[in-house]
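As structure tokens, the structure follows; a few thoughts come after it.
Derivation of every value follows stated rules applied to the coordinates shown; laboratory data play no part. Worth saying up front: this structure is predicted, and the values here are computed from it rather than measured. Note: ideal-geometry Cβ built from the backbone for every residue, glycine included; neighbour counts use all protein chains shown.
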Amino acid sequence: MSLQFDANLNCNVCGNSFDAKLYKTIWGEIPENRRLVMSDQINVVTCPHCGNSSHVASSLFYTNSKQEFAVWYEPFHDPMIDSDTEGYKKFGGPNCYFATAPRIKDWEDFKDTIRKFEDGEFKGGRPNLSSVLKGILSNFKK
Ligand SMILES: [Zn+2]
């Protein structure tokens, strides 16, 4: 599911502080979601005080389960991605596309990388079924 979280932001024009919902994960196989990313409208917030809108540089996980690939937008090093990746390796295996998703710092490169996966230039890895089962079993043992 596409996931959103609440963030408290400061307007870089008037300094007003306000709350906004940002996407953490976006499901790219849904055309509307893909459009939000490709048209630079995702994680764009508008200050309620002065009306200035800006793109928030916040980590974003783009996944496409139909074409089996995923890409991170990671403008600043985000330790959360390290721990998420470890979790995906456990459940999907080290070659699963969730675990091997490239981490891209630049927004335009991020969109380019998505297009390369869509065109088949880059390939995501399939989840390894036996390690999925191992992950489920080890969870039961706890
Ligand atoms: Zn403002």
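Just one residue in the set PHE5, PHE69, PHE76, PHE18 is touching a helix residue (DSSP H, G or I) at 6+ places or on another chain (Cβ under 6 Å) and either without any contact (Cβ under 8 Å) to a residue 60 or more places away in the chain or not charged (D, E, K, R) (or both); that residue is PHE69.
Please verify whether the stretch 69-81 includes one or more residues that are aromatic (Phe, Trp, Tyr), loosely packed, with under 13 Cβ neighbours inside 10 Å, farther than 15 Å from LEU3 by Cα and more than 13 Å from the chain's Cα centre (by Cα).
Step one: of the stretch 69-81, the residues aromatic (Phe, Trp, Tyr) are 69, 72-73, 76.
Filter once more, so that each one left must be loosely packed, with under 13 Cβ neighbours inside 10 Å: 76.
Filter once more, keeping what is farther than 15 Å from LEU3 by Cα: 76.
Now restrict to residues that are more than 13 Å from the chain's Cα centre (by Cα): 76.
For the stretch 69-81, residues aromatic (Phe, Trp, Tyr), loosely packed, with under 13 Cβ neighbours inside 10 Å, farther than 15 Å from LEU3 by Cα and more than 13 Å from the chain's Cα centre (by Cα): present.
Screening LYS116 with (1) out of contact with any Cys (no Cβ under 8 Å at 6 or more places or on another chain); (2) not in a helix (DSSP H, G or I) gives one miss only, at (2). When the stretch 36-92 is filtered for residues that are within 16 Å of the ligand (Cβ to nearest atom) and not in a strand (DSSP E or B), the ones remaining, listed by number, are CYS47, PRO48, HIS49, CYS50, GLY51, ASN52, VAL56. Taking the residues in the stretch 1-31 that are away from the ligand (no atom under 16 Å from the Cβ) and farther than 18 Å from GLU68 by Cα as candidates, determine which candidate is surrounded by the fewest Cβ atoms within 10 Å (Cβ to Cβ). Among those residues, the one meeting the criterion is ASP6.
Within the stretch 1-31, the set of residues being outside any strand (DSSP E or B) and polar (S, T, N, Q) comprises SER2, ASN12, ASN16.
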